[in-house]
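A short write-up of the structure that comes next.
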Number of protein chains: 2
Amino acid sequence: MDLEYYNNIPAFVLFAVADVHYDGRASSILERGNYLIIKKEDGSFMVHGACHVPALNYMSSGSIIHIKGNIITVTRRSETIRTKIYNCYEGIPILGWSDHKIKIRKTEAELTARIIDDPETYLGPGIYTAHREYPTLAGPVDLVLTSTVIYTIEVKRKRISLKDSYQLQRYLDAFAKVALVEKKHLNMPPGCEIVGCLAGPDISINALNHCRENGIRYLPVQFEEEVL
Amino acid sequence: MDLEYYNNIPAFVLFAVADVHYDGRASSILERGNYLIIKKEDGSFMVHGACHVPALNYMSSGSIIHIKGNIITVTRRSETIRTKIYNCYEGIPILGWSDHKIKIRKTEAELTARIIDDPETYLGPGIYTAHREYPTLAGPVDLVLTSTVIYTIEVKRKRISLKDSYQLQRYLDAFAKVALVEKKHLNMPPGCEIVGCLAGPDISINALNHCRENGIRYLPVQFEEEVL
DNA sequence: CGATGGATGTCGTGC
DNA sequence: GCACGACGTCCATCG
């Protein structure tokens with residue numbers, strides 16, 4: 001078994017007897033067993049067990065992967081994976097692996113776009129100006145729409161939870177701290193109202209109660225095909 | 001190429017020309033290309049591209065995986081992945097794949113245990129009673145410690161962020177709504193103070209400011225070896 | 001480099 | 001089945 005041969009292979013898959021030691025943000029040991037070991041050409045590295053989607057051990061792209069004797073050492077910043085190979089049942093170099101990106105629909109961005117395309121459906125008649133990813137000191141708000149008031153909108157693709165309500169609250173608090181500056185920046189009068197909104201296809205009872213208690217509006221928004 | 005042969009194989013890896021269509025919580029298309037396709041014996045399924053640790057397409061354990069002709073169909077609840085195989089460069093059945101769990105250190109639970117083992121170090125002299133994962137209407141608090149006051153503690157293994165401060169706030173709000181009931185439940189007098197705490201190895205400036213403004217205590221806690 | 005939030009997050013747990 | 005939170009989350013984006 002000349003494992004070092006794989007130093008020259010940009011991507012490979014092994015099925016091997018191995019144990020794995022990781023040290024970095026945390027520290028872990030994977031006991032000796034039969035695992036699927038993958039190196040990708042971007043310098044990412046994975047050790048997969050028999051079950052579950054995520055790898056047991058892994059390192060992100062940009063890692064330095066070096067094989068010496070029967071040990072694969074993977075390093076990235078202050079993290080290290082040491083994989084000791086005791087026996088290799090299968091080893092296949094991977095050539096021509098495609099790097100196509102997946103095209104995806106039903107994302108949060110799609111729901112945000114729906115509100116921007118037709119704000120009157122969700123907020124009533126008016127002339128609206130939209131600001132996506134509007135920055136605050138507590139992070140960017142998905143969508144700020146202005147008409148006679150300022151709508152601060154957090155959009156979710158899944159059912160809205162109480163956690164999401166507090167995410168919005170965080171933005172509203174940050175906004176309130178510098179409200180006059182923000183209103184000026186949005187070309188709105190100093191006295192105009194600020195209305196917090198949560199938008200999404202569904203909302204939990206806990207979150208809905210929190211909305212009622214805190215003057216937050218829930219805006220039901222569906223993905224295009226769900227309407228049909 | 002008799003792909004249907006793999007219907008009888010509990011786990012396999014293919015490197016193949018394929019395209020992938022997913023529909024379920026979202027909807028996605030992965031264009032034709034060379035991908036690594038993995039089926040595990042727990043019924044999980046992955047399609048890996050040339051880059052990055054996570055799979056491009058995937059389905060959790062318990063999925064129903066069936067091959068007919070050159071199409072692999074994976075189903076789980078209302079989700080489906082349809083993988084069309086145009087050519088298979090490599091196909092290896094995986095036998096004896098180990099299902100060992102990883103043993104991990106430097107988890108949140110470890111930090112929580114450190115506080116429970118020696119609360120006086122973090123909160124000062126006193127006699128403490130600990131409640132892990134104390135339930136509230138907004139979710140469980142990592143740790144509630146009682147002495148003469150009630151400490152409501154959210155523990156983080158990483159640097160504490162403003163988001164974490166609001167997680168604690170959420171618990172404190174829920175606690176406050178039924179404070180008398182909670183105090184009785186904890187055998188504490190009705191008038192006793194409730195102190196929110198964030199515990200962890202580090203805290204962001206934003207989060208620390210939020211603590212100061214809201215009477216929340218930050219408890220520095222390190223992992224054992226970092227102290228050395 | 002840190003900070004922040006999305007994700008088909010996945011997975012475990014408790015109800 | 002739903003709700004919730006941890007995770008070495010990973011990853012893109014922005015300052």
Just one listed residue, out of B:LYS101, B:LYS84, is free of Cβ contacts under 8 Å to residues at least 12 places away in the same chain and either within 16 Å of DNA strand C (Cβ to nearest atom) or closer than 25 Å to A:ALA11 by Cα (or both), and it is B:LYS101
By residue number, the members of segment B:110-138 that are of a type in the set (S, T, N, Q) and over 23 Å from the mean Cα position of the chain (by Cα) are B:THR121, B:THR129
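Here is a yes/no grid of residues against (1) at pLDDT below 95; (2) away from DNA strand C (no atom under 16 Å from the Cβ); (3) buried (at least 19 other Cβ atoms within 10 Å of the Cβ):
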residue: B:VAL17; (1), (2), (3): no, yes, no
residue: B:LEU30; (1), (2), (3): no, no, yes
residue: B:ILE37; (1), (2), (3): no, no, yes
residue: B:GLU41; (1), (2), (3): no, no, no
residue: B:VAL53; (1), (2), (3): no, no, no
residue: B:HIS66; (1), (2), (3): no, yes, no
residue: B:ASN70; (1), (2), (3): no, yes, no
residue: B:TYR89; (1), (2), (3): no, yes, no
residue: B:ILE94; (1), (2), (3): no, yes, yes
Counting only residues in segment B:55-64 that are near DNA strand C (Cβ under 10 Å from one of its atoms) and surrounded by fewer than 16 Cβ atoms within 10 Å (Cβ to Cβ), the one nearest to the chain's Cα centre (by Cα) is identified as B:SER60
Note on segment B:18-39: residues in contact with a Lys or Arg (Cβ under 7 Å, 6 or more places away or on another chain) and more than 9 Å from chain A (Cβ to nearest Cβ) are B:ALA18, B:ASP19, B:HIS21
Filtering strands (runs of 3 or more DSSP E) wholly in segment A:40-83 for at least 1 residues that are within 12 Å of chain B (Cβ to nearest Cβ) gives A:45-48, A:57-59, A:71-76
Taking segment B:139-148 and the residues there that are hydrophobic (A, V, I, L, M, F, W, C) and over 30 Å from A:ASP23 (Cα atoms), the one that is nearest to the chain's Cα centre (by Cα) would be B:VAL144
| query | Residue check: is B:ASP173 more than 16 Å from DNA strand C (Cβ to nearest atom) and within 14 Å of another protein chain (Cβ to nearest Cβ)? | reply | yes
Touching a residue at least 60 places away in the same chain (Cβ under 8 Å) and closer than 28 Å to A:GLU31 by Cα: is that true of B:LEU36 in this structure?
no
Among the residues of segment A:27-56, the number that are over 12 Å from B:PRO54 (Cα atoms), in contact with a Ser or Thr (Cβ under 7 Å, 6 or more places away or on another chain) and of a type in the set (S, T, N, Q) is 1
Looking across segment B:84-130 at residues that are of a type in the set (A, V, I, L, M) and closer than 30 Å to B:ASP2 by Cβ, the single one that is farthest from the other protein chains (Cβ to nearest Cβ) is B:ILE85
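Table: residues versus (1) at pLDDT below 95; (2) out of contact with any Cys (no Cβ under 6 Å at 6 or more places or on another chain); (3) not β-branched (Val, Ile, Thr).
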| site | (1), (2), (3) |
| --- | --- |
| B:TYR151 | no, no, yes |
| B:LYS156 | no, yes, yes |
| B:ASP164 | no, yes, yes |
| B:VAL178 | yes, yes, no |
| B:MET188 | no, yes, yes |
| B:ILE205 | yes, yes, no |
| B:ASN209 | yes, yes, yes |
| B:VAL227 | yes, yes, no |
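Every residue, every condition in (1) touching a strand residue (DSSP E or B) at 6+ places or on another chain (Cβ under 6 Å); (2) aromatic (Phe, Trp, Tyr); (3) surrounded by fewer than 18 Cβ atoms within 10 Å (Cβ to Cβ), yes or no:
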position: A:LYS101; (1), (2), (3): no, no, yes
position: A:ILE116; (1), (2), (3): yes, no, yes
position: A:PRO125; (1), (2), (3): no, no, yes
position: A:GLY139; (1), (2), (3): no, no, yes
position: A:SER147; (1), (2), (3): no, no, yes
position: A:ILE153; (1), (2), (3): yes, no, no
position: A:LYS156; (1), (2), (3): yes, no, no
position: A:SER165; (1), (2), (3): no, no, no
position: A:GLN169; (1), (2), (3): no, no, no
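Residue by residue, here is whether (1) small (Gly, Ala, Ser); (2) over 30 Å from B:SER204 (Cβ atoms) holds:
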{"residue": "A:SER28", "(1), (2)": "yes, no"}
{"residue": "A:ALA50", "(1), (2)": "yes, yes"}
{"residue": "A:ASN57", "(1), (2)": "no, no"}
{"residue": "A:VAL74", "(1), (2)": "no, no"}
{"residue": "A:ASN87", "(1), (2)": "no, yes"}
{"residue": "A:GLU108", "(1), (2)": "no, no"}
{"residue": "A:ILE116", "(1), (2)": "no, yes"}
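The values are calculated or read from the model by the stated rules, or taken from the named source; none is laboratory data. Just so it is clear, the model here is predicted, and its values are computed rather than measured. As a convention, Cβ positions derive from the backbone with ideal geometry for all residues, glycine included, and neighbour counts pool all protein chains shown.
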